[in-house]
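Taken together, the values in this text are just the output of simple stated rules run on the coordinates, not laboratory data. Just so it is clear, the structure is predicted and the values come from calculations on it, not from any experiment. So basically every Cβ, Gly included, is an ideal-geometry build from the backbone, and we count neighbours across all protein chains shown.
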Amino acid sequence: MATTILTPKAALIDLTKCIGCRGCQVACKNWNARATKKTVMTGNFTSPGDMNSETYTIVKYIEHDKAQDVAWDFIKVQCMHCKNPACASACPVGAFTKTAAGPVTYEPEKCIGCRYCMMACPFGVPKYEWDKKYPVVQKCTFCAERIADGQMPACVKSCPPNAIIFGDYDRILAEAEQRIKDHPGLYIDHIYGKNEAGGTSWMYLSSTAFDTIGFKTNIPTKPLPDLTWGMLREIPYKVGGLVAVLAAIAYFRNRGSRVESDKEKEG
Ligand code: SF4
Ligand code: SF4
Ligand code: SF4
C-alpha cells in the first residue's frame, strides 16, 4: 500500500563501483514496460547512443587511456530530479511536478507537445516521441510509485555491486561526503549534483574529472527556473495564444487516443 513520504529521497551513483553491466538499464525498461528500438553500431559500446522516449536511462561507455592501458568509465545517466526543476518551470500546462519525496513526476496526458521542457532542461533529459502519432515527452520517473510504496527504484535494486545507493537525501549526501573524506586518493573532491542547477536528487562520485567523462560542468549553481522563463519569453511569438491552441489540440488528441484505446479494449 502507498505510504506518505515526508522525507526527501536521493540516489548516489558511485562511478568507481560501476562495472558497466547495464542491469539498471534493463531493470528500468522492465519496470516501466518500455519498448525497444533498433540501434546501429557506431564504434561505441553505448547502446542506444542516448536516452530516448523508450529508454529512461542508459549506461555510457567512455574509453580512454590510463597509464598506457585502455580503461573504461561507465556512466549511468537519467533525469537528475532537480530540486528546482527547470522543466516544471518551463512547462506552460503544469505537466511536471517536484514531489516532496524527491521525484519530478510527469503527467503525459497534460502534455501539449510544445517541447519547452526539452529546451529548458540543462541535462538534456526529456525526449520526444518523434515516431508516435500523438507524441508527448518521456523521462525517468525516479520510480515514484515504488518510492511511495516504500521500495527503492528498480535500477537501484538491480545494481549488482551497489554502485547506486538510495535513501533519505541528508543521509545520502552525508555518505557521499564521508566517502570523499575517507578515500581522498580515490575520489575527486566534487559531488556532482550537490550544487549543479541548485542541487539535484541524483548525485555522482567519480575518480575522474567530470568534464572528461561527458558531464556538463558549466551548469550554474543557482536554481534555473528564474532564468528559464526569461529565456522562453524571448521566443518571438505569442506564447499565451500558442499554448491555448496547443492545449486544445492536446485535449482532442488525448480524447482521440482514449477513444481508440477503448475501442481496442472492446475489440
Ligand atoms: S534533469 Fe531536466 S527533466 Fe530532470 S528534473 Fe531536472 S530539468 Fe527536469
Ligand atoms: S529511477 Fe526508475 S525510471 Fe528512473 S532510471 Fe531508475 S528504474 Fe528507470
Ligand atoms: S546496474 Fe550498477 S554496475 Fe551495472 S551498469 Fe548500472 S550502475 Fe553500473
*In nm, to one decimal, how far is the Asp170 label point from the Thr212 one, both placed 7 Å along Cα→Cβ?*
3.6 nm
*Give me the net charge of Val137's neighbourhood, meaning all other residues with Cβ under 9 Å from the Cβ of Val137; Lys, Arg count +1, Asp, Glu -1.*
+2
*What number of lysine-lysine pairs in region 91-167 show an alpha-carbon separation below 22 angstrom, given a sequence spacing of 8 or more or placement on distinct chains?*
9
*Between region 150-223 and region 1-70, how many Å separate their Cα centres?*
15 Å
*Counting other beta carbons within 10 Å of each Cβ, put Val77, Val40 in order, fewest first.*
Val40, Val77
*asked:* Taking loop as defined by DSSP and a crowding limit of 14 other beta carbons within 10 Å, which chymotrypsin sites (Phe, Trp or Tyr not before Pro) in region 64-139 fit?
replied: Trp130
*Nearest 20 debye, what's the magnitude of the dipole of region 161-200 about its Cα centre given +1 on Lys and Arg Cβ and -1 on Asp and Glu Cβ?*
60 debye
